[in-house]
Amino acid sequence: MASAFFSFLIVLVGLVIIVGMIFLALDRIAKDEFLKKIGKLAVGGCALLVLLIDVKSVFFGGGGGGGGITPVALIEFAIGVIVLIVIFGLLDMAITWWASPYSGVINYVLAGLMLILLLVLAEQVLFGGGLGLISNAGNFPARARQ
């Protein structure tokens, strides 16, 4: 029971970090408040489901935790968010500079695509255990099993 509870605390800290990064990135990327609300609702609801699954596994047993949040997954997610924001910023500047009559429409579509990519990154980190950018040699739970 103590091991399961400690695993729950690890997942809880990971969720707080990931959801915080996603909310910061959403504030930076989303130009439209409605798209921002959809992204925050999707991420918040997903985090709540992961939390409930972990609470179930701690108190009632059966099945592992809901998330595959590891230190490597957090680093990979941060790398993905930084790359996404840098690419978005560069494309936003280029579109505003070269396509000024249509820049509002193009930037709106670009922001929507970036939000989709951000949610894909979040899904991979929350449920896939990472993005596969860094070797599993640094994966904390895998090292603990050896």
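Karplus-based coupling profile of region 98-115, in residue order and whole Hz: 8, 10, 4, x, 10, 4, x, 5, 5, 5, 5, 5, 4, 5, x, 5, 5, 5, with θ = phi - 60° in 6.51 cos²θ - 1.76 cosθ + 1.60 and x standing for Gly or Pro.
Taking every protein chain into account, the 1.4 Å probe leaves TYR108 with about 110 Å² of accessible area, to the nearest ten. Remark on THR70: its backbone amide H falls under 5 Å from none of the residues 5 or more positions apart or on other chains, H modelled at 1.01 Å from N. With a simple spin-label model that places each label point 7 Å from the Cα along the Cα-to-Cβ direction, the separation between LEU91 and LEU49 comes to 2.6 nm. Of all aspartates and glutamates in the structure, those lying under 12 Å Cα to Cα from LYS40, and not within fewer than 8 positions of it along the same chain, are ASP27.
The residues of region 32-109 present an accessible area of 60 Å² per residue when probed at 1.4 Å with all protein chains retained. Give me the net charge for the shell around LEU91: Cβ to Cβ below 15 angstrom, other residues only, Lys and Arg +1, Asp and Glu -1. Charge balance near LEU91 sits at +1.
The values are calculated or read from the model by the stated rules, or taken from the named source; none is laboratory data. Treat the numbers as computed from the prediction; the structure is a model and nothing was measured. For neighbour counting, all protein chains shown are included, and Cβ atoms are generated from backbone atoms with ideal geometry for every residue, glycine included. Quick note on the areas: whole protein, heavy atoms, side chains included, nothing else; ligands and nucleic acids left out. Shrake-Rupley method; radii C 1.70, N 1.55, O 1.52, S 1.80 Å.
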